Structure formats: C-alpha cells, structure tokens
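Engineer: Quick one: the structure is below, and I'll ask about it shortly.
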Amino acid sequence: MTMFFAARVLDGHVDYPYYFSNSFPKDLLNLGNNELKEVDKESASSAPANSGQHFRVLLPACGDLRHVFQTARSLPIAFKGRVTFALNDIDPFAMARNVLLLYLVTSVPSEETSSIATIWLSALLSEDDSSLLRRSLSRIIAMSHAELRESTAGVIDVHADCYDILREVWVKWESMIPSLSCDTLLEQRSELFGPGDPCEHDDFIGHLEDAPTRHIPSIRKWLMDGVIAPQGHNDEHLTRGNPTFTGRDAPPPEVRHPGILPRGAVVPPIPEFEAPSNTNFSYCVRSDHVPYAMWDYLEMVRFRSIDSITEMCHAFTVDIIGKVQSLMKEERLSCRIFLKDFQDLGSFPDDPDFAFDRIFTSNLTDYYSRTTVLSSMEPLLSSHNPHAVLLLETINWSIGIPEAVWPVNMFTQLSLVQKGAADRGPEALDGRQPCCYHEYYNNMDYFITFLRGESLIADGESKVCLPTMEEVMSCQGLRMRDFRKGRNKVVPFTMRAAARTINMLSGDHKTIEWYRNLQE
C-alpha cells in the first residue's frame, strides 16, 4: 500500500496564517472523566483532593485559541484549581493575534466583551471597536514582555525571545487602522472567495449545500461582507476594516493546492518567515477557515438557537470570553507564549512548569513521522499524573488510500445513505455531501493498516515485515490507547459530522491518545 501526506510548504512558499485553525474545538482536560471522575460535576460543595490542583496543558502547534477557550468553558463546577496553557506556534502572525486577543480579554471591562468577540471574528468593525483595537495595540506595543506579564498579573507570559517579532506584527496592524477602509479589505477578501481560488471556492459551495436552510441567508451575507457582529447591530456603522485579518501574502492557488507527495519523501524544510516589518500585509483568512464554524455547532444551538448563524456564533463567543475573563481575573487561567519549532521545546529541561498533564499536537503527524512527534513530546509529559495524556490528531491520513473514507461499491454507498436516513431522518441528510455519511462507514481496517504502514518508515528505516498493531501501540516509552476496545478518555477518537451541519467536518479526523504505562 502506498501512503501519502499533504505538504503545506512547497517551492519555498508558506501558506496563509491560521487565524482560524482547522481543528475541532476540544476540552483538553475533560476532568470529569479523569482526575475528577468521582466528583459530581453539578455539585459545587464537593471538595476532592484534585479540585484545587494546578494542571498544565501544552499545545506545541496551537494555531488559534479555540482549544484554550473550549477547555476553560468545560471546567467542572467542582474544580477550584488553576490551569496553565503553554501555547507554541512557529508562525509569528498567528501568535501575535493570539497574544493580542488574550490581552484584550485581560484589559477590557466585562461589559465590553462583545467588542472583543467582534474584533476576533469580524472582518469589518465599527469606529468604536476600531478605536478600542488601536488603543490596545498601542499599549501592547509600548510594553516589554516583562511589563506585559506584570500588567496582567502573570496570566500572559510571552517568552522574551519572541516578543520583538510579535511587536512587528502589532506595529503593522496599528499603522493600518487609519487607512484600512471596509472597501479596501473586502476587495482583497473577494479574491479568496471567487474563481481566483477554485479549490476553496468549491469547498464553500459544498458547505452551503450542507447548512440548515434557516442559516443560508446569514451565510450568504457573511460570504459577501465577512461580518460577525451582535444581534441587532447596524451594518452602516461598520465602516472600518479589521487589520487583524491581514498578514503575509500567500502563494498562488497552484502552490497552495500542490496535490500529494509520497509518504517518506523528503519534505522541503519550512522556510524562514520573512520579518513582518518587511512583509506586505493584506487580507489573509482563507475561505475554508470560517469564523462562525469555529465552535461546536451543537453547543451553539443549545446556548442560543436563532436563524442567523453569525449572530449565534457571536453570542456564544461573548459567553465563552466571559468565562475565560473571570478565570483570568481570579488568576486561575494563565498562558505562556512561545514561538519555536515544536522540536525545540525540550530546551527548558530545568523548568518545573514544563511537565504537562496534557499535550495536544494537533495534526503534526500529517507532516512529521509519529516517532518524531512522540520523541519530541514524551520528555515533556508528566510522569507523576496517571491521567497524563499526549494527543495526536490526524486529518490527512486517508489521502492516497482508495476507499479509506468512501466505498466504491454502489450498493455499499446506498446502505450507508440508508443508515444515515435512519439515524438523522431522510430530510436531515437530503442533498448533503458524501462526507456527512462517512461516520456510518466502518473504515477501521484502513486506519489500522495506515498506522501499521506508517510505522514502516517512521524511524527512517526500511523494514521487511509490516509491524503488528501491538508493536505499533508502543513507541518512545508510551502506550497507545486501544481505540478498538474502548473510548478515549480525554478527546473523542472521532467526531460526528452529520449532526454538526455547520462545522465543515469531513468525518475522517482521528485523535489517538498516548499515555505512560503507569496508567495500567
């Protein structure tokens, strides 16, 4: 079997910044199923030994802030302790935006959290929100990393080595505010939503086919103006472009969609990022990175179910920002910021905070071998917490494997459509894309074969025999949770796609948990 992986860097080009990442929001602690499993989640009176514990979570390729905020929102009532997130990414643009948003959460009064949500989500801003953004940028630019840490009571701690490069991004954004009109930004944005990038444009048309009918008008409006604002807002007041939606220019579509390379081929090294101060800033949020799809659609509907999906997302985001803001004010949630290659994070061996209860690597294993990722992260996983878990996600595992996600046989396809209709109702999936039926397809044999085959080249050596699954499940002193025999304990092995009509899930993402043998 020949296997492939997608390369996000080709011919010296780097993709757009991931201001809105492609990973489904996850509660990375899931304390109710782990350290606080014996505690009634709804009881605030319980006071178990772990309720005041300090947990540490590492995201070595964090992208945006969705996992931080989702984890904070999901903390049980009984939990009275602290959580520290170590956020790392190699991209200064994405990390500059993350730090700015965190600073807004810590510095803006609670009654203005709606403005934070708008700055986070909307391509267009009002004069008031644009002024708030400019003031915040001016303050954070004027600070040193030590002054930022002190002004936020230590809840935002940016590593000294990266603060200057992040400042270059903030300076550019601040300089753009007076001249960045909504027309200028929307003109740049239109180039990413039309025939100029057919791959992403076609994906979005498929998204429109999947979305509930009541949301279609608001989606079409967002497609035109990129606005995500509170219910009852007046579009006429949105006269300013949001500079935090700008960044480095991306490569042309033929480079952004290069196809696939054989797994095991030499991957071109990620080129050095050009200094932001020398970069031409323009609109850079890809059309398949959709802000209103960043949260779990089922949770948004439970929180507030209205016809406008953009206003629903805004309201949900305001609520989740409020929860994070409260935790930060109580100094129970803090973030440490790094700008490194994930393989260099082990350079803090004497730092006691660099022993983590959870490590979520996103889909690094789509670009690096499983052995490389595990060997880099294993030393950072706590050896004292029996619930400590290292989470590996794969999004592109099925590329190049025929029938891995959808059968060729028409009768098998029909049976899957019938299963979907029986599960969701015939009208719920009528006209939906095939990916909505993927969750009804048992492709476990393909995924297991992929894991075994990937191990053939994981160590850079040619092996004669395909390893057994038992051999695959032990690596770098860690043990893989056997998803064939039971559920994951922190993050679901895979998420349902058919029920989450807005989230643009393929139904093929898998998350594998690795733990130390002391759990058994």
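Engineer: For the stretch 50-197, with only Lys/Arg (+1) and Asp/Glu (-1) charged at the beta-carbon, what is the dipole magnitude about the Cα centre, in debye rounded to 20?
Structural biologist: For this selection, approximately 700 debye.
Engineer: Find which of Leu166, Cys465, Pro243 sits farthest along the positive direction of the dipole of the chain, computed with +1 on the beta-carbon of Lys and Arg, -1 on that of Asp and Glu, about the Cα centre.
Structural biologist: Farthest towards the positive end: Cys465.
Engineer: Just name one of Leu75, Cys475, His438: the one whose Cα is farthest towards the positive end of the charge dipole of the chain (beta-carbon charges, Lys/Arg +1, Asp/Glu -1).
Structural biologist: Leu75
Engineer: Determine the order of Lys221, Lys37 by accessible area, beginning with the largest, at a probe radius of 1.4 Å.
Structural biologist: Working: Lys221 75, Lys37 120 Å².
Accessible-area ranking of Lys221, Lys37, largest first: Lys37, Lys221.
Engineer: May I pose another question? List the DSSP H helices in the chain whose Cα atoms stretch 15 Å or more along the helix axis and whose mean Kyte-Doolittle hydropathy is at least 0.0.
Structural biologist: Span-like helices, by this rule, are 92-107, 309-329, 444-458.
Engineer: Per 0.36 nm of contour for each residue apart, how much would the distance between Asp249 and Leu414 grow if the chain were fully extended, relative to their Cα-Cα spacing?
Structural biologist: Length gained between Asp249 and Leu414: 55.0 nm.
Engineer: Then there's this: Roughly what % antiparallel, to the nearest 5, for the DSSP beta bridges in the chain?
Structural biologist: Close to 50 percent.
Engineer: Summarise the accessible area of the stretch 113-161 (1.4 Å probe, protein heavy atoms) by the percent that is carbon and sulfur.
Structural biologist: Reported share for carbon and sulfur atoms: 43 percent.
Engineer: Through the Karplus equation 6.51 cos²θ - 1.76 cosθ + 1.60, θ set to phi - 60°, convert the phi angles of the stretch 335-347 into ³J(HN,Hα) values in whole Hz; use x for Gly and Pro.
Structural biologist: Taking θ as phi minus 60°, the curve returns 10, 9, 10, 9, 9, 9, 5, 4, 6, 9, 5, x, 7 Hz for the stretch 335-347.
Engineer: Send over a whole-number figure in Å² for the accessible area per residue of the stretch 130-171, probe 1.4 Å.
Structural biologist: 44
Engineer: Can I ask one more? When the dipole is taken about the Cα centre of the chain, and only Lys, Arg (+1) and Asp, Glu (-1) are charged at their Cβ, what size is it in debye, to the nearest 20? Show your work: numbers first, answer last.
Structural biologist: Values: 49 positive and 70 negative charges, 253 e Å.
Rounded to the nearest 20 debye, it is 1220 debye.
Engineer: Something else: With the cut-off at 1.5 for a/c, could you classify the stretch 99-189 from its C-alpha gyration tensor as rounded, prolate or oblate?
Structural biologist: oblate
Engineer: Out of residues 5 or more away from Ala86 or on other chains, whose amide H comes under 5 Å of its own, with H placed 1.01 Å from N in the peptide plane?
Structural biologist: Residues meeting the criterion, in which the H sits 1.01 Å from N, are Val57, Leu58, Leu59, Arg336.
Engineer: According to the square roots a ≥ b ≥ c of the eigenvalues of the Cα gyration tensor, what is the shape class of the stretch 386-435, taking rounded for a/c under 1.5, prolate for a/b larger than b/c otherwise, and oblate for the remainder?
Structural biologist: Oblate, because a/c is 1.5 or more while a/b does not exceed b/c.
Engineer: Rounded, prolate or oblate for the chain? Axes are the square roots of the Cα gyration tensor eigenvalues, ordered a ≥ b ≥ c, and the cut-off for rounded is a/c under 1.5.
Structural biologist: Cα axes put the chain in the rounded bin.
Engineer: Please name whichever of Ala146, Asn396, Asn30 sits farthest to the positive end of the charge dipole of the chain, dipole taken about the Cα centre and charges placed at Cβ: Lys and Arg +1, Asp and Glu -1.
Structural biologist: With unit charges placed on the Cβ atoms, the residue in question is Asn30.
Engineer: Mind listing which GluC sites (Glu not before Pro) in the stretch 362-471 are in a DSSP loop and have 11 or fewer other Cβ atoms within 10 Å? Walk me through the numbers on the way to the answer.
Structural biologist: Numbers: sites: Glu393, Glu403, Glu427, Glu439, Glu454, Glu461, Glu470, Glu471; in loops: Glu403, Glu427, Glu461.
Passing both the DSSP loop test and the Cβ count: Glu427, Glu461.
Engineer: Pairs Lys221/Lys489; Lys419/Lys485; Lys26/Lys329; Lys221/Lys323; Lys172/Lys221: which are spaced more than 31 Å apart, C-alpha to C-alpha?
Structural biologist: Numbers: Lys221/Lys489 40 Å; Lys419/Lys485 23 Å; Lys26/Lys329 23 Å; Lys221/Lys323 29 Å; Lys172/Lys221 29 Å.
Pairs exceeding the cut-off: Lys221/Lys489.
Engineer: If you don't mind, there's one more thing I want to ask. Lys and Arg at +1, Asp and Glu at -1: add these up for the other residues within a Cβ distance under 11 Å of Ala153 and post the number.
Structural biologist: -2
Engineer: What order do you get for 281-288, 107-114 when each peptide is scored by the mean count of other beta carbon atoms within 10 Å, highest first? If you can, show how the numbers build up before the last one.
Structural biologist: Details: 281-288: 20.0, 107-114: 14.5.
Listed from highest to lowest mean packing, they are 281-288, 107-114.
Engineer: Here's another thing I want to ask about it. Which three extents, in whole angstrom, do the alpha-carbon atoms of the stretch 315-399 cover along their principal axes, largest first?
Structural biologist: Per principal axis, max minus min of the Cα coordinates gives 39, 38, 28 Å.
The values are calculated or read from the model by the stated rules, or taken from the named source; none is laboratory data. Remember, it's a predicted structure, so these values are computed and weren't measured experimentally. Glycine also receives a Cβ, built like all others from the backbone with ideal geometry; neighbour counts cover every protein chain displayed. When the accessible area is computed, the model is the full protein with side chains, heavy atoms only, and any ligands, DNA or RNA have been set aside. Shrake-Rupley method; radii C 1.70, N 1.55, O 1.52, S 1.80 Å.
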